[in-house]
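First up is the structure itself, then whatever we jot down about it.
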Amino acid sequence: MSDNLDFALSYAALGWHVHPCKPDKKPYTKWGSTATTDAAKIRSWWKRWPDALIGIACEKSGMWALDVDNKNGVNGRAEFKRLIDDHGGGEYPPVGPVQRTPSGGAHFLFKLTEGINIPNNAGQLAPGLDLRSRGYICSGGAYQWQDDHGPDTYLVEAPAWVLDLIANLESEPIGSLLPANEAPARLIDTTDSGEYWLNKALAQTAPGQRDNDAFWLACQLRDHGLTQAAAEPYMRNYARSCPQYPGNKDPFTESDAIDSMVSAYTGTARGPAVNADKRTKSMDKSTAEKPPEQTSAQDAGNSAASSAQNEPEAPPLPDYAKLGDMPGNGANKWLDDYIEFRRLWSPRAYDAFHEACGLWLLSTIAARRVAANMGKRRYTNIYIAMVARSSLHAKSTTADIAMQALHAAGMGWLLAADCATPQKFIQDLTVRIPDNFDELEPEQQERIRKRLACSAQRGWFYDEFGMHISSMMRTGGSQADSRGLLRRFDDTPQRYEYGSIGRGDGIVERPYLALLASLTPADLRPFAGKGDALWGDGFLARFALITPPNTERSRARFPKGERIIPANIITPLHEWSQRLGLPGVSITDLITGEGKTTGKRAIITPSEAQVIEVDADTQDAFYLYDEALLDIVENYDEQDLDANYARFSEKALRVSLLLASLAGSDSVKLHHFARAQAITERWRNCLHELYNQLNEPPESAERANEERVLRTIKRLNPTERELNQRHRMGRDEIKRIITSLIDAGEIVEQVSGKTKKYKLWTPEA
């Protein structure tokens with residue numbers, strides 16, 4: 001029996017009507033009339049078409065689908081997040097089943113609300129967001145259910161704000177296009193510089209000129225004194241507001257607008273435009289010059305930073321804190337084995353990423369089950385940020401290997417939901433007990449009990465942390481309050497009290513977060529330059545900021561074949577978790593005074609953490625290390641990094657606690673701390689490397705162009721002609737960039753007949 005048949009039968013058992021589909025997603029049958037829950041009929045279909053995909057008829061199944069698409073240059077996930085920010089108070093709505101699609105998008109399934117009409121339409125709600133109610137969605141094959149949001153998750157009704165937006169769609173003609181001479185006037189009387197140039201760009205935009213117009217707008221915002229961070233909202237508004245003219249095959253997206261902005265801000269500035277209505281050839285990025293009078297204080301700081309590049313990455317550690325030749329490498333064999341395995345399957349990643357992801361994995365498993373009493377109760381939560389250019393160092397691949405190892409060890413339930421925001425993370429800590437809990441399979445019941453036992457303790461991989469930083473730092477951004485949330489969770493309080501729009505106040509008991517974030521230096525540069533707030537408020541000090549040197553660029557090829565995680569990685573993790581144990585959980589009925597059952601509740605009996613002693617020699621080494629770091633701060637003329645230095649000793653202690661617990665030691669010994677100190681000293685070097693990178697002059701125009709092309713290849717898998725059409729750099733320049741990226745191992749060429757397309761290199765490529 002095929003996997004798809006198994007899934008089809010399980011869907012039918014839930015009351016979902018299914019039918020078989022071809023590989024191109026077209027139905028084998030008349031789906032509208034034949035979709036069924038009849039098991040015998042379903043078996044007969046899959047006997048005839050054993051590899052058929054599964055079509056789920058939405059309306060007949062009592063559901064509708066929000067189809068979030070990432071294709072044709074449109075980032076549906078970003079559009080969905082924008083709607084949430086603009087209309088939903090920045091808080092992800094409660095969701096039922098969520099299915100990942102092959103394009104990188106998702107199907108969010110909602111319960112049909114009585115009396116509410118959900119129309120079928122494409123892109124009216126927002127670019128990349130389609131509604132399906134009277135049609136069907138596909139499942140099986142490359143369609144994968146999101147962890148903890150599988151088909152057995154209860155369907156929930158969409159929030160009122162979503163339904164209100166949908167109700168307003170019915171009066172709009174689908175796919176209406178306005179020609180240039182019929183485009184509505186958008187100029188408004190305002191003295192705000194950003195608003196003025198935005199409206200100027202919208203008024204003069206023309207068919208075939210959207211890229212040029214967006215770049216022109218970015219230049220005006222830049223040259224009239226707006227920082228990149230301040231310019232971003234205007235660029236996004238331009239993308240949302242510019243007309244979609246007949247003949248434009250692809251919509252102009254916010255991502256396209258951001259590409260134009262980055263190109264403008266990484267190039268050399270021109271003087272402010274005297275007459276914006278006159279288009280001149282001075283828009284050519286390569287020939288622009290900046291008048292001397294426009295040199296800024298930031299430029300001066302950049303020059304100073306660049307002159308300091310020959311200095312050591314980090315001030316040396318005083319001799320009295322060094323542990324000499326202490327054999328720290330023998331502190332934990334598992335970590336050594338894990339690094340070697342990761343080097344094999346992700347050879348392009350910076351070596352410190354391998355080590356850090358292994359520690360994040362251990363931190364996730366430990367949760368609040370491991371602690372040390374040393375002045376205060378100390379836990380093992382670690383925040384790690386992998387900071388590197390896109391595609392060069394395989395950040396997502398290295399994180400994925402860690403998550404695969406967690407799943408293979410049977411502890412995937414410790415991971416936070418994908419694509420979460422801090423608000424969604426908080427929501428995910430509340431584990432819902434289905435009313436039919438008693439009817440579930442024993443494996444499903446056990447998974448729910450485990451999540452309840454550690455309901456407020458999660459490991460979270462945040463792959464879009466750069467977008468979060470941008471929103472967090474933007475005035476009125478949806479994540480403006482999340483710095484406080486993440487700082488508070490790093491302190492592992494006994495309880496966390498919060499307030500949320502529409503949900504009232506709440507309390508999270510015994511929270512714990514191991515955070516692994518991925519971002520680029522470009523994401524940080526607008527907010528973490530010399531003297532910027534992210535250094536001063538201690539937010540970045542919570543993270544181990546790991547970045548490779550500018551010169552680091554591996555061209556290693558990923559191995560072919562199936563990635564199998566060996567027993568020497570999985571078995572120790574499983575055994576360690578068994579030793580640590582879990583709090584007791586009992587699930588009972590909620591019964592009213594009248595004796596009516598209204599649901600289920602969980603009674604959790606907290607278990608004591610495994611308290612590991614810190615021996616006297618290790619305590620001495622810890623305090624000497626802390627004192628040495630403070631001595632460096634007193635003699636080092638860079639106040640931005642003071643808060644980071646104040647936390648390195650604490651990070652070393654948390655790492656040593658993890659190493660000792662996994663090894664089965666009843667105390668943290670000096671060799672554990674020696675290994676941990678060596679790790680944090682690498683992190684300290686990375687901190688200075690990153691700080692220097694963030695304060696260097698902007699990237700060269702050549703590299704900026706390469707980054708723009710890389711982003712396009714990541715989104716579209718384009719041909720050379722499509723790259724020419726999108727970027728207009730000239731054929732020779734596009735050819736040079738393609739050759740350079742192939743030689744560097746960043747992209748691969750795919751040949752089909754006479755057509756050549758390009759995609760990012762992946763382990764599967």
Count of residues meeting criterion [modelled with pLDDT of 80 or more and more than 17 Å from Thr520 (Cα to Cα)] in the stretch 680-703
5
Can you name the residue in the stretch 393-423 that is within 13 Å of Ser518 (Cα to Cα) and part of a loop (DSSP other than H, G, I, E, B) and is also modelled with the lowest pLDDT among such residues?
Cys419
Please go through the stretch 729-753 and give me each residue that is assigned to a helix (DSSP H, G or I), of a type in the set (S, T, N, Q) and over 29 Å from the mean Cα position of the chain (by Cα), ordered by number.
Thr739
Looking at (1) free of Cβ contacts under 8 Å to residues at least 40 places away in the same chain; (2) touching a Gly at 6+ places or on another chain (Cβ under 9 Å); (3) of a type in the set (D, E, K, R), find the lone condition where Asp637 falls short.
(2)
Has the stretch 651-673 got at least one residue that is more than 31 Å from the chain's Cα centre (by Cα), crowded, with 16+ Cβ neighbours inside 10 Å, more than 16 Å from Val370 (Cβ to Cβ) and not acidic (Asp, Glu)?
yes
Restricting the search to the stretch 424-453, which residues are among the aromatic types (Phe, Trp, Tyr) and either at pLDDT below 75 or assigned by TED's automatic domain parsing to the domain that holds Asp589 (or both)?
Phe425
In the stretch 523-550, how many residues are among the small types (Gly, Ala, Ser) and modelled with pLDDT under 80?
2
Within the stretch 474-487, take every residue that is modelled with pLDDT of 75 or more and more than 17 Å from the chain's Cα centre (by Cα) and give me the one that is surrounded by the most Cβ atoms within 10 Å (Cβ to Cβ).
Leu485
Which one is modelled with the lowest pLDDT among residues in the stretch 704-735 that are of a type in the set (Lys, Arg) and more than 23 Å from Tyr265 (Cβ to Cβ)?
Arg731
Please note which strands (runs of 3 or more DSSP E) are completely contained in the stretch 53-109 and include at least 3 residues that are surrounded by 18 or more Cβ atoms within 10 Å (Cβ to Cβ) and over 18 Å from the mean Cα position of the chain (by Cα).
53-57, 63-68
Does any residue of the stretch 373-383 turn out to be closer than 16 Å to Gly459 by Cβ and either modelled with pLDDT under 80 or in contact with a His (Cβ under 7 Å, 6 or more places away or on another chain) (or both)?
no
Can you tell me which of Ala8, Ala35, Ala78 is under 17 Å from Gly140 (Cα atoms), modelled with pLDDT under 90 and not assigned by TED's automatic domain parsing to the domain that holds Ile713?
Ala35
Just a yes or no: is a residue in the stretch 551-561 modelled with pLDDT under 80 and crowded, with 18+ Cβ neighbours inside 10 Å?
yes
Out of everything in the stretch 313-347 that is out of contact with any helix residue (DSSP H, G or I) (no Cβ under 8 Å at 6 or more places or on another chain) and at pLDDT below 80, what residue ends up being farthest from Ala628 (Cα to Cα)?
Leu344
Taking Glu764 and the conditions (1) buried (at least 18 other Cβ atoms within 10 Å of the Cβ); (2) under 26 Å from the mean Cα position of the chain (by Cα); (3) at pLDDT below 85, which numbered condition does it fall short on, given that it satisfies the others?
(1)
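The values are calculated or read from the model by the stated rules, or taken from the named source; none is laboratory data. Source: prediction; values computed, not measured. Here Cβ is always computed from backbone atoms with ideal geometry, including for glycine, and neighbour counts include all displayed protein chains.
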